[in-house]
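Here is the structure we will look at, set down as structure tokens.
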Amino acid sequence: MHQASVGFHCPDCVRSGRQTVRTMSTLGVASEPVVTQVLIGLNVLVFLLGLARGGTLLDVSPRLLTDYALFGGILPGIPLGVDAGEWYRVFTSAFLHDGIIHIGMNMFLLWVLGSQLERREGHLELALVYLAAVIGGAAGALLLDPTVPTVGASGGGYGLMGMMVVHQRARRIDIWQTGIGGLIEINLLLRVSLSTVSH
């Protein structure tokens, strides 16, 4: 065996020049969490736009809430919301946040989970799971609270928590030791204890 900068090379491999260098890209894994960074950037951009449109650091812009938040319909006979065919709200609501604490917590969760999962699983996988979770979260909110305006990236965040649980369980990693189990538990307790948190 020949000593290398990392580990050893077999003599036959060295003679034939067959040693290969494996990088993140040759292994099919994302080296940079581009999708995660783009999602965070879009959320921050929309938050700043909301501030410019009458929002505050503690409240979402009333104009953006009316035009882009998720709800089925607020008043009978008034064509507004998903009931009126405004399905785009399923997606636009995921980029609106009700204040600096709301966006801060969601973006922190998105960065911590999204960057790890994207590096491990790739750009497309992360984007598809996030998209499916946003749609699933919106469906749940419309089913349980159709007349309550809903905003935030929490649906996507829950999807990433679920993705992390699946990957850790597949590798026989205890989710309670890594902290993801406790994180899910805290989020469920917040939902039960705070009336302002969406289903």
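The values are calculated or read from the model by the stated rules, or taken from the named source; none is laboratory data. Please read all numbers here as calculations on a predicted model, not as lab measurements. Virtual Cβ from ideal backbone geometry, glycine too; neighbours counted across all protein chains shown. Accessible surface areas use protein heavy atoms only, side chains included; no ligands, DNA or RNA. Shrake-Rupley method; radii C 1.70, N 1.55, O 1.52, S 1.80 Å.
The set of residues in region 109-123 being more than 17 Å from residue 168 (Cβ to Cβ) and in a helix (DSSP H, G or I) consists of 110, 111, 123. The conditions of being buried (at least 17 other Cβ atoms within 10 Å of the Cβ), modelled with pLDDT of 90 or more and of a type in the set (Val, Ile, Thr) are not met by residue 166. Comparison of 131, 143, 126 shows that the only residue that is within 17 Å of the chain's Cα centre (by Cα), assigned to a helix (DSSP H, G or I) and more than 25 Å from residue 50 (Cα to Cα) is 126.
Residues considered: 42, 64, 58. Of these, the only one that is open to solvent by 90 Å² or more (accessible area, probe 1.4 Å) and either modelled with pLDDT of 70 or more or touching a Leu at 6+ places or on another chain (Cβ under 6 Å) (or both) is 58.
Cβ-Cβ distances below 9 Å connect the following pairs, each with a first residue in region 119-139 that is more than 21 Å from residue 88 (Cα to Cα), a second residue that is open to solvent by 30 Å² or more (accessible area, probe 1.4 Å) and hydroxyl-bearing (Ser, Thr, Tyr), and a separation of six or more residues or different chains: 119/31.
Does at least one position in region 180-198 carry a residue that is in contact with a helix residue (DSSP H, G or I) (Cβ under 8 Å, 6 or more places away or on another chain), open to solvent by 70 Å² or more (accessible area, probe 1.4 Å) and not basic (Lys, Arg)? No, that holds for no residue.
Residue-level analysis places residue 84 outside the set of residues that are surrounded by fewer than 17 Cβ atoms within 10 Å (Cβ to Cβ) and at pLDDT 90 or above. Looking only at region 151-179, residues that are free of Cβ contacts under 8 Å to residues at least 40 places away in the same chain and on the phi < 0 side of the Ramachandran plot come to 15 in all.
Just name the residue that is nearest to residue 43 (Cα to Cα) out of those in region 109-145 that are of a type in the set (Gly, Ala, Ser) and open to solvent by 30 Å² or more (accessible area, probe 1.4 Å). Steps first, please.
At the first step, the residues of region 109-145 found to be of a type in the set (Gly, Ala, Ser) are 114-115, 122, 127, 132-133, 136-141.
Now narrow it down to the ones that are open to solvent by 30 Å² or more (accessible area, probe 1.4 Å): 127, 132, 136-137, 139.
Working: 127: 15, 132: 18, 136: 19, 137: 17, 139: 21 Å.
Once the filter is applied, the top-ranked residue is 127.
Within region 152-174, the residues that satisfy the criterion of being within 29 Å of residue 90 (Cβ to Cβ), assigned to a helix (DSSP H, G or I) and among the hydrophobic types (A, V, I, L, M, F, W, C) are 160, 161, 163, 164, 165, 166. The single condition among (1) in contact with a strand residue (DSSP E or B) (Cβ under 6 Å, 6 or more places away or on another chain); (2) modelled with pLDDT of 95 or more that residue 138 does not meet is (2). Against the list (1) of a type outside the set (Lys, Arg); (2) touching a Phe, Trp or Tyr at 6+ places or on another chain (Cβ under 9 Å); (3) at pLDDT 90 or above; (4) open to solvent by less than 80 Å² (accessible area, probe 1.4 Å), the condition residue 51 fails is (2).
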